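The values are calculated or read from the model by the stated rules, or taken from the named source; none is laboratory data. As the structure is a computational prediction, the values presented were derived from the model and not from experiment. Cβ sites come from the backbone with ideal geometry, for glycine too, and all protein chains shown count toward neighbours. Side chains included, ligands, DNA and RNA excluded: accessible areas come from the protein's heavy atoms. Shrake-Rupley method; radii C 1.70, N 1.55, O 1.52, S 1.80 Å.
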Amino acid sequence: MSIEVESQAAASVPARVPALEVKGLVKHYPGVKALDGVDLVVHQNEVLGLAGENGAGKSTLLKALVGLVKPDAGEIYVRGEKVKLRSVDDAAVQGIGMVFQEQSLVPNLTAAENIVLGSEGAGVKAGLYRWSEMRRLAQEQFDKIGSHIDPLARTDTLSFADRQMVEIAKVLRIEQRSQHPPVIILDEPTSVLESKEIETLFTQVRRLREFASVVFVSHRLDEVLDVCDRVAVLRSGQSVGEVQTEGAQPADLHKMMIGSTGSDDHYHEGLAQPSEEERPRLTVRGLSAKTFRDVNLDVHAGEIVAVVGVHGSGREDVCRALFGAEPTTAGEVTLDGKKLDLSGTRAACAAGVGYVPAERKIEGMVGPMSVADNMTLAKQKSRCNGPLVVPTKQATLVDRWIERLSIRTPNRTTAIQRLSGGNQQKVVLARWLVGNDIRLLLLDHPTRGLDIGARSEVYRLMRELANNGVATVLLADSLEEAIGMADRIIVMSDGKVASEMPCRTGAKPTPLDLVKEMV
Amino acid sequence: MTSPVVARPAAEPTVVKGGPSLSARVTSFMPVIALVVLLAALTIADPGFFTQRSLTAASMTAAPLIVMAVGATLVVLCGGIDLSIAAMASLSTVFLALWLPSLGALSTPAVIAAAAAFGAVQGVLHVVLRIPSFIVTLGGMSVFSAIALVVSDAGTVPVTDNSTLNWLTLYLGGIVPMSVVVALLVVTGIWVIMRFTPIQSWITATGYSESAARLAGSPVDYVKIGAFCVSGACAGLAAVMLVSRNFSGNPSMADNLLLPAVAAIVVGGTAITGGHGSVWRSVAGALVVTLLRVGLPIVGVPSAWEQILYGAIIVAAVALTLDRSKVLIIK
């Protein structure tokens with residue numbers, strides 16, 4: 001279907017030459033192959049969806065396309081010509097531009113200034129802005145997308161959706177530079193938009209197709225199928241295939257993203273043992289802070305409670321607050337009947353609370369430090385006699401956990417950053433287990449960026465810990481994960497607990513049930 | 001175009017094998033290599049240099065620098081910088097000279113304690129007010145200099161009775177200056193404490209990734225305040241050594257040691273971004289810097305050129321050792 005669209009619309013360049021083509025792209029990071037021979041074709045005047053789980057290599061691929069990442073091997077062709085993209089500027093000259101997930105506008109400048117920033121052209125004369133010209137330049141871009149934003153409005157006074165329009169308008173400036181139909185990359189453009197704004201964006205994307213090619217990345221598969229002509233699927237850094245969107249179902253896409261291993265008891269539900277505890281281990285009453293208010297929550301020993309919510313629901317902050325890493329303004333938290341001190345992370349550690357942060361590489365581990373030192377970082381007592389470190393004690397302890405969690409590492413003195421993501425995460429989890437005093441585990445996206453096998457191992461470990469009586473709060477990477485793992489699900493919305501539903505094996509809610517409560 | 005499912009198995013998780021590369025290993029031994037090369041070069045330029053007498057003299061010059069550099073190394077390992085050490089040492093020389101007549105032998109511990117307290121105050125300001133250490137200690141540098149000028153009436157304070165400091169000018173076994181012995185004892189002490197307690201882990205974690213250290217329950221704030229405190233105390237001890245040699249205190253006596261001390265740290269290979277490094281590296285760095293200092297006149301370079309050298313080697317050493325993959329934006 002897309003081929004016909006293309007041959008009609010592509011008048012300026014001979015048809016069938018793809019606007020953008022990627023062949024065998026490879027990118028290694030220490031310990032992980034982010035891209036492992038990716039092939040991708042973007043046709044002219046086509047909206048190509050890019051789907052893949054977290055860690056499948058989507059972001060790395062996009063970054064390679066705009067010159068932010070230098071691939072180790074592979075080729076990129078723009079309109080049939082091989083190119084080397086060393087910077088965003090190089091990419092812009094070739095007509096490739098990206099609207100970033102985190103917006104890249106300068107908040108205290110006007111929309112017009114942001115749009116022409118870096119390519120002022122006639123907008124600047126003798127070192128000074130010519131505002132009439134600036135306005136015209138910006139309006140020209142806005143006209144392309146039919147937007148009615150005032151070019152002279154300060155960016156920070158615009159709504160998020162409007163700012164996104166400014167971003168798109170800004171990216172469209174590259175059309176002037178390359179003198180060719182541009183390739184526009186939209187990275188998770190809908191993740192923080194409301195449904196009405198999403199409709200506007202989709203209208204926009206369809207409009208872009210008239211004169212540009214679009215690469216559209218989103219987590220929401222229904223959206224991808226709705227707006228795209230064709231979807232390419234990545235898994236573990238490889239292209240695993242593509243789907244024509246006409247008549248395709250989200251489930252088909254999902255299957256491709258996860259692969260065959262994802263099917264049978266991925267979440268180890270067979271291991272689940274419902275908790276029989278009467279009294280909750282963790283009770284949270286009226287906990288409030290800047291980003292959430294009046295949160296009530298109970299977690300029993302041996303129970304896994306998933307907290308779900310959209311971006312901005314405040315669930316991450318609740319998690320951090322329970323670990324003493326975020327200031328709170330009100331509320332009472334008790335752990336096994338004793339008041340939990342939320343003033344700092346040290347107090348939480350001492351009370352038997354563990355936290356696995358979402359940003360593993362930045363917050364979860366100290367990359368250049370050894371596996372052993374990372375593992376004993378939080379529970380120094382576990383390797384000490386009195387105030388002194390006993391290296392043999394540490395060695396025995398660490399080796400035991402390396403074996404028990406089957407952590408694949410050359411040895412315990414290897415820097416943790418040299419391990420693969422899954423093994424890194426196991427070390428980070430083991431950090432809370434070596435002390436033998438863990439009571440409450442707060443897991444913030446514990447499987448982010450892990451491949452299927454590693455994920456499954458993390459799930460298994462979570463089950464074992466729960467069966468040993470550890471109370472777990474899980475912020476899952478996806479609704480499926482939350483449903484698969486949790487005994488109970490708390491839905492947060494706008495910083496408040498919106499609802500709560502049981503999620504025992506055999507009586508699981510569907511993602512749709514949750515989504516209704518989330519928005 | 002219609003090939004819906006082309007399934008490939010998920011890739012096996014990889015473990016990257018092997019340690020640091022050869023060039024990384026060589027870079028790691030750079031300070032020792034530089035030390036040997038310098039010694040050889042100076043001996044060739046002036047065969048009289050490699051004698052016990054001149055080496056003893058050189059090591060005595062190095063002692064205060066070693067102590068200062070090692071103290072400040074702790075702050076650098078935590079990811080900060082202490083620019084106030086030289087001014088702190090100058091202030092301490094003034095205090096020492098002023099207190100000697102009344103406190104006698106107690107004035108040495110008193111000065112070190114005072115310097116440690118000043119250091120701790122800077123640490124607290126840095127941690128509590130969340131001001132970059134660079135700014136706090138830049139301010140501290142100015143404040144300490146001013147206090148030194150005020151209490152000394154902007155002049156040299158002579159020391160008439162040097163008896164309680166005299167031991168520092170003696171020689172162990174007739175060869176090794178006591179000040180060098182003290183310096184090495186201090187370094188060993190700091191190293192032993194770090195090595196055999198969790199402090200090493202905490203400092204390293206804080207330096208590499210403060211947020212990761214904090215989220216693993218490390219006492220990041222106390223570690224940083226402690227580092228500033230030790231850095232101050234070391235500057236105080238360096239001041240004691242300077243006074244024992246110069247028989248006076250002066251509000252600018254140690255001011256010219258700031259660049260050499262920072263140079264010693266970076267030449268030693270301690271990462272200016274924190275985490276990587278050790279106090280022994282700074283000892284090697286301090287010796288390199290001292291050799292350059294005493295060696296320049298030997299090869300006929302006027303001493304006015306010294307400052308150019310310090311500036312150049314700081315920049316060059318950081319250029320060689322900085323791990324740019326860790327620093328996203330160079331400010």
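For the stretch B:120-159, the Cα gyration tensor yields ellipsoid semi-axes of 27, 9, 7 Å (square root of five times each eigenvalue, largest first, whole Å). Averaged per residue, the stretch A:366-435 has 37 square angstrom of accessible surface, using a 1.4 angstrom probe with ligands and nucleic acids left out.
When the accessible areas of B alone and A alone are added and the area of the pair subtracted, with a 1.4 Å probe, the result is around 3400 Å², both sides summed. Toward the positive end of the charge dipole of the protein assembly as shown, with +1 on the Cβ of Lys and Arg and -1 on the Cβ of Asp and Glu, the farthest Cα among A:98, B:280, A:327 is that of B:280. Under 5 Å from the amide H of residue A:37 lie the amide H atoms of A:25, A:26, A:27, each residue being 5 or more positions distant or on a separate chain, with H modelled from the backbone and absent for Pro and chain starts. Once you sort the root eigenvalues of the Cα gyration tensor of the stretch B:12-167 as a ≥ b ≥ c, which label holds: rounded (a/c under 1.5), prolate (a/b larger than b/c) or oblate (the other case)? In terms of gyration-tensor shape, oblate. In units of the compact-protein estimate 2.2 N^0.38 Å, the protein assembly as shown shows a Cα radius of gyration of 1.10. Accessible area per residue (1.4 Å probe, heavy atoms of protein chains only) ranks B:265, B:81, B:193 as B:193, B:81, B:265, with the largest value leading. Working note: Karplus 6.51/-1.76/1.60 with θ = phi - 60° gives the stretch A:346-357 the couplings 5, 5, 5, 4, 5, 7, x, 9, x, 9, 10, x Hz, where Gly and Pro are set to x. The heavy atoms of residue A:40 present about 10 square angstrom of accessible area, all protein chains included, probe 1.4 Å. Any idea how far apart residue A:125 and residue B:135 come out in nm if each label point goes 7 Å out from Cα toward Cβ? Placing both labels 7 Å beyond Cα along the Cβ direction yields 4.1 nm.
Around the amide H of residue A:69, modelled in the peptide plane, lie the amide H atoms of A:64, all under 5 Å away and 5 or more residues distant in sequence or on another chain.
Near residue A:320: Cβ cut-off under 12 Å, other residues only, Lys/Arg at +1 and Asp/Glu at -1. The net charge is -3. Note on chain B: with neighbouring protein chains present and a 1.4 Å probe, carbon and sulfur make up 72 percent of its accessible heavy-atom surface.
Per residue, chain B exposes 45 Å² of solvent-accessible protein surface, assessed with a 1.4 angstrom probe and all protein chains in place.
Per-atom-type breakdown for the stretch A:167-238 gives carbon and sulfur 45% of the accessible area (1.4 Å probe, protein chains only). Residue by residue, the stretch A:503-518 carries 3J(HN,Hα) couplings of 9, 5, 4, x, 9, 7, x, 8, x, 5, 4, 6, 4, 4, 7, 6 Hz when phi is fed to the Karplus relation 6.51 cos²θ - 1.76 cosθ + 1.60 (θ = phi - 60°); x denotes Gly or Pro. Taking amide H positions as modeled 1.01 Å from N, with prolines and chain starts lacking one, the residues under 5 Å from residue B:271 and 5 or more places away or on another chain are B:276, B:277. Each listed q (0.16, 0.21 Å⁻¹) maps to a log10 I(q)/I(0) for the stretch A:273-370, found by the Debye formula over equal Cα scatterers with no solvent: -0.74, -1.18. Only helices enter this figure: runs of n ≥ 4 DSSP H residues, each worth -39500 (n - 2.57), summed and divided by the residues of chain A, yield -9500 deg cm²/dmol at 222 nm to the nearest 500. Comparing the full protein assembly with the isolated chain (1.4 Å probe, heavy atoms, ligands and nucleic acids excluded), the residues of the stretch A:374-405 losing at least 40 square angstrom of accessible area are A:377, A:380, A:389. Shielding by partners for peptide A:359-368, expressed as the average number of C-beta atoms from other protein chains within 10 Å of each residue's C-beta, is 6.
Among the protein heavy atoms, those of residue B:185 account for about 120 Å² of accessible surface (1.4 Å probe, every chain in place). Viscosity 1.567 mPa s, temperature 4 °C: what is the translational diffusion coefficient of the stretch A:119-203 from Stokes-Einstein with a Kirkwood Rh over Cα pairs, rounded to a whole number of µm²/s? The estimated diffusion coefficient comes to 92 µm²/s.
Look at the stretch B:214-227: the mean tally of other chain Cβ atoms within 10 Å of its residues' Cβ atoms is 6. The alpha carbon centroids of the stretch A:422-477 and the stretch B:197-234 are separated by 27 Å. Other residues whose C-beta falls under 9 angstrom from the C-beta of residue A:422 contribute a net charge of +1, scoring Lys and Arg +1 and Asp and Glu -1. Across chain B, the volume of the C-alpha convex hull divided among the residues equals 198 Å³ per residue.
So what's the back-of-envelope 222 nm ellipticity for chain B, counting only DSSP H runs of four-plus at -39500 (n - 2.57) apiece and dividing by all residues, rounded to 500?
-22000 deg cm²/dmol
Put a dot 7 Å past the Cα of residue B:196, heading toward its Cβ, do the same for residue A:347, and the two dots end up 3.4 nm apart. Among the listed pairs A:170/A:516; A:290/A:339; A:255/A:426, which have their C-alpha atoms separated by more than 30 angstrom in this model? Over 30 Å Cα-Cα: A:170/A:516.
Leaving out ligands, DNA and RNA, and with a 1.4 Å probe, what % of the accessible surface on the stretch A:366-435 is carbon or sulfur?
It is 52 percent, rounded to a whole number.
At q = 0.12, 0.14, 0.20, 0.26 Å⁻¹, work out log10 I(q)/I(0) for the stretch A:366-435 with the Debye formula, treating every Cα as an identical point scatterer and leaving solvent out; two decimals please. Debye output, listed in q order: -0.25, -0.34, -0.70, -1.18. Given a 1.4 Å probe and the protein chains as shown, residue B:118 ends up with an accessible area of around 60 Å². Computed over the alpha carbons of the stretch A:2-260, Rg followed by Dmax gives 18.1, 62 Å. With θ taken as phi - 60° and the Karplus curve 6.51 cos²θ - 1.76 cosθ + 1.60 applied, the whole-hertz 3J(HN,Hα) list for the stretch A:107-119 is x, 9, 10, 6, 4, 4, 4, 4, 5, 8, 3, x, 9 Hz, x standing for glycine and proline.
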